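Peer 1: Before I ask anything, let me first share the structure, which is written out below as C-alpha cells.
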Amino acid sequence: MGVIGPNIGVIGANIMSKEHIGVAVRVRPPLPEEEHDGPECVRTEGGRLLLASPHRAKQFEIPVLLGPQCTQQEVFEAVGLPLVEDMFKGYSCALLAYGQNRSGKTHSLRGGDSEESKGVVPRLVEHIARKLQAEVRREVTYLMRVSYVEISGEEVVDLLSVRKQAVGVGE
C-alpha cells in the first residue's frame, strides 16, 4: 500500500469557524516513486478524509479539507488569508504545519520558485506588505514580530537566521 501522508496545518487566532484554533488538512498527491505502490491509503471525498488500510477504514469530518488537486493559491486563500485578516484586527496569530517526513509541509509552506508554486509563507509576506502599503496614508502604526522555525526531533532551527544553527528544544 502506498504511503500518502496528509499535511496537517493548525491555524490559530479566530479564523475559519471563529474558534480560537482551526484545523486544515492538505492531502498531497502521490510522489512519482509512490505511484506504483498500490492503492491510495488517503483520499478526500467532499469534506471527509478517508483513511484505508488492508485491515480497516476510517473517515473524519475536516472543517477545511484541501485535496491533492488544490493549488498553492487555494491553500493560501483557505489558510493564510484568514490569518492575515485576523492579524490586522489585532489578534496574535500562528501557522503550524505538522506531519510525517515527506508529507508536503515544506511544499505547502515554502513552495517553489515560480509564482504558481510558491507556498503560504511567501504569499503571506506579500499580502501583508500590500496591506501595509495601503495603510501608509492613514496614520496607523503596526508592530509585528515574526518567527519562522523548523522543529524536528529535539532540534529547533531559526529559518530567518543567517546562521542556520540548531538548538535544543529546551534552550
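The values are calculated or read from the model by the stated rules, or taken from the named source; none is laboratory data. As the structure is a computational prediction, the values presented were derived from the model and not from experiment. Note: ideal-geometry Cβ built from the backbone for every residue, glycine included; neighbour counts use all protein chains shown. Quick note on the areas: whole protein, heavy atoms, side chains included, nothing else; ligands and nucleic acids left out. Shrake-Rupley method; radii C 1.70, N 1.55, O 1.52, S 1.80 Å.
Peer 1: Quick test of your reading of the structure: TYR148 fulfils all but one of (1) open to solvent by less than 80 Å² (accessible area, probe 1.4 Å); (2) more than 24 Å from VAL75 (Cα to Cα). Name the failing condition by number.
Peer 2: It fails just one condition, (2).
Peer 1: Continuing with the same structure: Please verify whether region 107-115 includes one or more residues that are among the acidic types (Asp, Glu) and within 22 Å of the chain's Cα centre (by Cα).
Peer 2: yes
Peer 1: Considering region 75-96 alone, what residues qualify as being among the aromatic types (Phe, Trp, Tyr) and surrounded by fewer than 21 Cβ atoms within 10 Å (Cβ to Cβ)? Quick ask: steps written out before the conclusion?
Peer 2: Initial filter on region 75-96 (among the aromatic types (Phe, Trp, Tyr)): 76, 88, 91.
Listed by number, the residues that qualify are PHE88, TYR91.
Peer 1: Of the residues GLY119, GLY99, which is at pLDDT 90 or above and either open to solvent by 90 Å² or more (accessible area, probe 1.4 Å) or closer than 20 Å to GLY22 by Cα (or both)?
Peer 2: Values: GLY99 fails: at pLDDT 90 or above.
The unique qualifying residue is GLY119.
Let's see how each residue does on (1) at pLDDT below 85; (2) within 18 Å of HIS127 (Cβ to Cβ); (3) not hydroxyl-bearing (Ser, Thr, Tyr):
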site: GLU40; (1), (2), (3): yes, no, yes
site: ARG43; (1), (2), (3): yes, no, yes
site: GLY46; (1), (2), (3): yes, no, yes
site: ALA57; (1), (2), (3): no, no, yes
site: GLN73; (1), (2), (3): no, yes, yes
site: PHE76; (1), (2), (3): no, yes, yes
site: VAL79; (1), (2), (3): no, yes, yes
site: GLU85; (1), (2), (3): no, yes, yes
site: ALA94; (1), (2), (3): no, yes, yes
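Peer 1: Among the residues in region 131-148, are any out of contact with any helix residue (DSSP H, G or I) (no Cβ under 6 Å at 6 or more places or on another chain), basic (Lys, Arg) and in a helix (DSSP H, G or I)?
Peer 2: Step one: list which residues in region 131-148 are out of contact with any helix residue (DSSP H, G or I) (no Cβ under 6 Å at 6 or more places or on another chain), which gives 131-148.
Filter once more, keeping what is basic (Lys, Arg): 131, 137-138, 145.
From what is left, the residues that are in a helix (DSSP H, G or I) are 131.
Yes: region 131-148 contains one or more residues that are out of contact with any helix residue (DSSP H, G or I) (no Cβ under 6 Å at 6 or more places or on another chain), basic (Lys, Arg) and in a helix (DSSP H, G or I).
Peer 1: Still on this structure: Being exposed (fewer than 12 other Cβ atoms within 10 Å of the Cβ) and either of a type in the set (Lys, Arg) or touching a residue at least 12 places away in the same chain (Cβ under 8 Å) (or both) is the filter here; which residues of region 124-141 pass it?
Peer 2: ARG130, ARG137, ARG138 - these are the residues of region 124-141 that are exposed (fewer than 12 other Cβ atoms within 10 Å of the Cβ) and either of a type in the set (Lys, Arg) or touching a residue at least 12 places away in the same chain (Cβ under 8 Å) (or both).
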